[in-house]
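Structure record follows, encoded as structure tokens.
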Amino acid sequence: MKIKRIPASALAANPWNPNRMSPDRFRKLRREIELNGFSVPLQVRPRGSGFEIVDGEHRFQIAKELGLKSLPCMVTELTDREARLKTLQLNGLRGENDPEKLAALLAELADEAGAEELAQSLPWSATEIEEMVALAEREVEAAVARACAARPEPPALDLYAVVTSPRERETIEAAVSLARAKLGLLEDGAALAGVCELYRRKNS
């Protein structure tokens, strides 16, 4: 098994591939290839005087549309049966995203770029991304609320003070006020701890 560049004219799609891609996902894949090239080579097998594609048909179609003369390919000797099985394996056995981990990752990315920008390169619409980000936020808020509710009553209290600038104090007080409203907390100390816990859970 080796990787080499093969002329596009020597490549041909196989007739059995059941995988289909929506126009929107195809457009996003094309944009990714236009910007960054081929990060994953096609998998092909020798066939006659050329090569038959086992995995990467959509990338091959995009390459032809873009007028690319050659493509990076991983060449593997496969029988007909092995080639068909490999196509199904690569199409269907890549695994599925864990919903909570996916939502948390999208929430982090959305902090750096909005849902609209993310949707340009990811296989979800901006609305779908926003819904998944909201799911992540609800999960974290629920976990923090449970942790605060489990705090022993009455709690042992301690004085905690920090030195801040007026602008920093304004930011802290705004965050505490928001946490009190969203998490249903009455005490400033519990609300500040809730804000810190949100950050800790999001970045742990």
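Here are the numbers for the structure shown:
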{"item": "Tally, over the stretch 1-57, of residues that are β-branched (V, I, T) and touching a Ser or Thr at 6+ places or on another chain (Cβ under 8 Å)", "result": "3"}
{"item": "Strands (runs of 3 or more DSSP E) enclosed by the stretch 1-71 - at least 2 residues per element that are loosely packed, with under 10 Cβ neighbours inside 10 Å and β-branched (V, I, T)", "result": "none"}
{"item": "In the stretch 121-155, residue modelled with the lowest pLDDT [restricted to those that are surrounded by 13 or more Cβ atoms within 10 Å (Cβ to Cβ) and part of a loop (DSSP other than H, G, I, E, B)]", "result": "S121"}
{"item": "Residue match in the stretch 76-95 (condition: part of a helix (DSSP H, G or I), modelled with pLDDT of 90 or more and not small (G, A, S))", "result": "no"}
{"item": "Sole exception among (1) closer than 30 Å to W124 by Cβ; (2) in contact (Cβ under 8 Å) with a residue 40 or more places away in the chain for K4, by number", "result": "(1)"}
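The values are calculated or read from the model by the stated rules, or taken from the named source; none is laboratory data. Note that the structure is a prediction, hence the values are computed from the model and not measured. Positions of Cβ are generated from backbone atoms using ideal geometry, with glycine treated the same way; all protein chains shown enter the neighbour counts.
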